[in-house]
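Input: a single structure, listed below in structure tokens.
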Amino acid sequence: MKEELAYGIKQTSRLTGIPEDTIRYYEKISLLPHIERKENGHRVYRQEDIQTIRLLSCLKKTGMPLEEMRPFLAVSADADPAEYPELVEHLRGHRENIVSQIASLQQVVDFIDMKLEEGRYRGDCLDETLAEEERGETEGEARSVSPVQMSYFPVTSAKDRAI
């Protein structure tokens, strides 16, 4: 029978890309339960622990709060997702949030690209205000806004803001 590989915390940190202090913290808050220790007190990580740390890292990259990760740790890697519909639904909702964030960030990138193409990085607001004053426009008057500009400031309903 093949002996299972064991790693120290430095090796585990290198294998997972997670800092040692973060690994210790995950253990402290019981996201990594039952980490073995040698007689000298040094932690011993098995392949299963490394897979768990990688899962935590992946979920963390999505912006999922640590407490929301706990239910996913109770499910084995080879489990049938159909057996855990509440977790599947949670992941779907989380995915929708991520897709929305990506769309919002893409709008920011588009806006930056537009500014780079125009060659104007500063003073837009000041330039527009001075131009309005020169034309004799007052603050109370509505200013025309292009559809492109409007897309960078989406209007949300009260229902959307309450979510």
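Quick note: the coordinates plus some simple rules give every number you see, no bench work behind them. Only a predicted model underlies this, so the values are computations on that prediction, with no experimental measurement involved. Glycine also receives a Cβ, built like all others from the backbone with ideal geometry; neighbour counts cover every protein chain displayed.
With respect to the conditions (1) of a type outside the set (Asp, Glu); (2) under 16 Å from Pro33 (Cβ atoms); (3) not in a helix (DSSP H, G or I), Met64 lacks only one, and its number is (2).
Condition check: assigned to a helix (DSSP H, G or I) and surrounded by 14 or more Cβ atoms within 10 Å (Cβ to Cβ). Does Lys10 satisfy that?
The answer is no for Lys10.
Cβ-Cβ distances below 7 Å connect the following pairs, each with a first residue in region 82-108 that is more than 17 Å from Met69 (Cα to Cα), a second residue that is assigned to a helix (DSSP H, G or I), and a separation of six or more residues or different chains: Gln107/Ser151.
Going by what's in this entry, would Ile18 be described as in a helix (DSSP H, G or I) and of a type outside the set (Ser, Thr, Tyr)? No, not satisfied.
Restricting attention to region 13-24, the residues that are closer than 17 Å to Leu59 by Cα and loosely packed, with under 14 Cβ neighbours inside 10 Å add up to 2.
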